[in-house]
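These notes concern the structure reproduced below.
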Amino acid sequence: MKSPAFLKPGDKIAIVSPAGALRDTSIVDGAIKTLEGWGLETVVAPHALTREGYYSGTAEERIKDIAECLRDDSVKAILCSYGGYGCIHLAEQFSELIKEHPKWVIGMSDCSVLHAACLAQGVMSIHSPQCRHLAQMPGSDPAKMLRDILFGKKPVYNVPHNSLDKPGRATGTLAGGNLSVITALAGTRYDMFREGTILFIEETGEQPYRIERLMYQLELSGALSRIKGLIAGHFTGVKDNGGFGGTAHELIERIAKRYSIPACFGFPVGHCDENFPLIEGATVTLTVNEDGTIMQEINE
């Protein structure tokens with residue numbers, strides 16, 4: 001996997017909106033303040049703050065914004081302002097662009113499509129909080145961790161023990177994102193369920209049975225048999241039971257325990273305030289035991 005160049009003070013970072021239009025464009029101003037506080041110069045793509053129906057712009061406008069940022073040698077990283085839906089429109093063109101111009105792409109949620117395209121091209125990216133978090137919680141641990149990663153300092157993740165955890169130790173390639181999004185990509189050229197993957201998943205606003213159905217799809221397709229470890233993050237806005245036989249984590253655990261892999265539950269990643277940035281494509285060691293979970297990158 002290719003690591004884009006890490007940033008240094010004075011470097012330029014671009015803000016784009018690859019999918020849905022922002023409901024509150026003021027969060028971009030707040031994010032800019034935070035990024036400039038880190039010593040970075042910021043630029044805002046032409047359609048980052050506009051609206052075309054649900055989207056921030058037409059598919060052509062959105063990919064043009066990204067293409068210009070990737071082709072501009074002065075731009076060292078790209079921050080997605082928001083997810084929503086729409087990155088799938090850009091997958092093919094974005095994939096070719098990131099191959100030719102590897103840079104840090106930062107985002108989450110629907111932007112899992114972009115991370116999958118980066119992974120397919122052998123380029124690392126950062127699953128991370130976006131503009132809202134940087135604007136409203138600039139002093140949070142996730143924001144500080146993102147800053148550290150961008151400037152080349154790799155984090156070590158220590159997570160408390162969860163009663164659903166499955167002990168074990170594995171080394172593999174870290175990849176994942178929003179469960180609905182990455183499951184929809186399974187079987188395509190952007191399939192993240194590769195041999196040797198340490199998979200992380202998160203979700204928001206889904207019913208437990210839908211989450212279970214997605215997990216069964218991955219099991220029945222053989223995708224889960226290829227991964228070496230599982231990290232279940234936050235599942236926000238999900239009802240605990242409603243007659244479906246358990247919480248989202250409990251339903252996932254019942255499937256995960258069929259495999260001889262370590263599994264961590266409640267990892268701080270997802271649609272939540274405690275959303276730790278993760279380097280997709282990095283080689284990591286995941287250790288789960290009765291004391292908790294430790295994950296760290298292995299330098300190769």
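Taking ILE126, is it crowded, with 24+ Cβ neighbours inside 10 Å, of a type outside the set (Ser, Thr, Tyr), touching a Ser or Thr at 6+ places or on another chain (Cβ under 6 Å) and not in a helix (DSSP H, G or I)? No, not satisfied. Restricting attention to region 196-216 and to residues that are of a type in the set (Phe, Trp, Tyr) and in a helix (DSSP H, G or I), the residue that is nearest to GLN130 (Cα to Cα) turns out to be TYR209. Which of the residues that make up region 244-299 are part of a loop (DSSP other than H, G, I, E, B), touching a Ser or Thr at 6+ places or on another chain (Cβ under 9 Å) and closer than 16 Å to GLY196 by Cα? Residues satisfying the conditions are TYR259, PRO262, GLY281, ALA282, ILE298. On the basis of being surrounded by fewer than 22 Cβ atoms within 10 Å (Cβ to Cβ), in the same structural domain as THR173 (by TED's automatic domain parsing) and outside any loop (DSSP other than H, G, I, E, B), does ILE231 make the cut? Judged against the criteria, ILE231 is not a match.
Considering region 137-195, and only residues there that are among the polar types (S, T, N, Q) and part of a strand (DSSP E or B), the residue that is surrounded by the most Cβ atoms within 10 Å (Cβ to Cβ) turns out to be ASN178. For region 171-193, enumerate the residues that are in contact with a Ser or Thr (Cβ under 7 Å, 6 or more places away or on another chain) and touching a residue at least 60 places away in the same chain (Cβ under 8 Å). Correct list: THR171, GLY172, THR173, ALA175, GLY177, ASN178, VAL181, ILE182. Residues in region 196-225 that are touching a strand residue (DSSP E or B) at 6+ places or on another chain (Cβ under 7 Å) and either more than 15 Å from SER112 (Cα to Cα) or aliphatic (A, V, I, L, M) (or both): GLY196, THR197, ILE198, LEU199, ILE201, ILE211.
GLY222 meets the stated requirement of being on the phi > 0 side of the Ramachandran plot and assigned to a loop (DSSP other than H, G, I, E, B).
The criterion of at least 2 residues that are surrounded by fewer than 20 Cβ atoms within 10 Å (Cβ to Cβ) is met by the following strands (runs of 3 or more DSSP E) wholly inside region 34-117: 41-44. Only one of the numbered conditions (1) in contact with a Cys (Cβ under 8 Å, 6 or more places away or on another chain); (2) more than 22 Å from ILE63 (Cα to Cα) is not met by VAL28, and that is (2). The sole residue among ALA175, ALA248 that is modelled with pLDDT under 95 and of a type in the set (A, V, I, L, M, F, W, C) is ALA248.
The values are calculated or read from the model by the stated rules, or taken from the named source; none is laboratory data. Just so it is clear, the structure is predicted and the values come from calculations on it, not from any experiment. With ideal geometry, Cβ positions are generated from the backbone for all residues, glycine too; neighbour counts draw on all protein chains shown.
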